[in-house]
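Reading through the structure tokens given below for one structure.
Please treat every number below as a calculation from the coordinates, not as lab data. Computed from a prediction, not measured in an experiment: that's the story for all the values here. All Cβ positions, glycine included, derive from the backbone under ideal geometry; neighbour counts span all protein chains shown.
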Amino acid sequence: MSKLQDKVVIITGSSMGIGKTMAIEMAKRGAKIVLNARNKERLQKTHSELKALGYNVIAVDGDVTNLEHCENLINQAINAFGKVDVLVNNAGISTRGTIEDLNPAVFKKVMEVNYLGSVYPTQYAIPHLKKSGGSVIFISSVAAIHGIPNFSVYSSSKMALTALAESLKNELAETGVHVGIAYVGFTENDPDKKIYDTDGKIIAQPNNAVIKAEPPQNVANRIIKMIERKTFKSVFTPIGKLNAFMNRLSPSLVGKILGINYQKNKKKN
Ligand SMILES: NC(=O)c1ccc[n+]([C@@H]2O[C@H](COP(=O)([O-])OP(=O)(O)OC[C@H]3O[C@@H](n4cnc5c(N)ncnc54)[C@H](OP(=O)(O)O)[C@@H]3O)[C@@H](O)[C@H]2O)c1
């Protein structure tokens, strides 16, 4: 029997992409799932899909940057299932553009969603996680290992989650709550995925990947392992692991390699 059997799992940003795949993989293992996202129509569609598969699932629409919505998300989970065993802070948004060019509003928005959007649900979930001895997981990125040119605010927002997780781990050390942070590698995107462009407009994720993306099922399975084994930090994908290893050995070399790649791509485009 899976360790997730009968566990109540809240996954923010779970109407599509990695969040939706995690919801399916955890539901398969007997977890009771609380879905969340802002777009009600897409959230309801995902909810119906999981229901049709026979899974025990509810959907709570809401924005992770809104405190009242986050409080409601946790309260709805308690109303429906009576406890919270796992919170996965997955909702996130990306952008690209140099620091010189990016609209200042984009810095604010990305930090709000990726950083504060992980803080707020966690704050409301902590009392319930203390009762259940559960897990809180932060979905970071391999972009948080070393600041990436053209992805400054995304890298910063995901690096901030490292400090958050490290602080929280020690704050909750005596409580039995497990804290985990996953440095997810480049993952196959949902066709509906959107990002901010340099001006702050929401655009479709450009499809110009140079690195092979891994299927979201792999990401979901690795996160499930982290919960089952109570892992603190885990870096995904061989490139992510190599990056983390090299960065421990010689951050200046990693910086140089990233710089050379950036200049090369700039000349190409
Ligand atoms: N894809 C990758 O290659 C990759 C790599 C490393 C890390 N990650 C991280 O993994 C996580 C999921 O990425 P993904 O590619 O699966 O993203 P995605 O396909 O764009 O899905 C994002 C999900 O989050 C929801 N969302 C966005 N903003 C929200 C908000 N303010 N409040 C509540 N829900 C919100 C979206 O629905 P609504 O728009 O309806 O709210 C959607 O359900 C993110 O944290 C991302 O940074 C992804």
Q. Can you spot a residue in the stretch 165-184 that is closer than 26 Å to residue 46 by Cα and surrounded by fewer than 21 Cβ atoms within 10 Å (Cβ to Cβ)?
A. no
Q) Within the stretch 222-258, how many residues are free of Cβ contacts under 8 Å to residues at least 60 places away in the same chain, among the small types (Gly, Ala, Ser) and surrounded by fewer than 16 Cβ atoms within 10 Å (Cβ to Cβ)? A) 2
Q) Taking the stretch 170-193, which residues are over 15 Å from the mean Cα position of the chain (by Cα) and not small (Gly, Ala, Ser)? A) 170, 171, 172, 174, 175, 177, 178, 191, 192
Q.
Show the residue pairs meeting these rules: Cβ distance below 9 Å; 6+ apart or different chains; first residue within the stretch 193-207 and farther than 21 Å from residue 14 by Cβ; second residue part of a strand (DSSP E or B).
A. 197/95; 197/203; 198/95; 200/95; 203/194; 203/195; 203/196; 206/195
(Q) Filter the stretch 154-213 down to the residues that are touching an Asp or Glu at 6+ places or on another chain (Cβ under 7 Å), under 26 Å from residue 104 (Cα atoms) and not hydrophobic (A, V, I, L, M, F, W, C) and list them by number. (A) 198
Q.
Out of everything in the stretch 1-43 that is farther than 19 Å from residue 137 by Cα and within 11 Å of the ligand (Cβ to nearest atom), what residue ends up being surrounded by the fewest Cβ atoms within 10 Å (Cβ to Cβ)?
A. 41
Q. Any idea which residue in the stretch 44-97 is nearest to residue 132 (Cα to Cα), counting only those that are buried (at least 18 other Cβ atoms within 10 Å of the Cβ) and of a type in the set (Ser, Thr, Tyr)?
A. 55
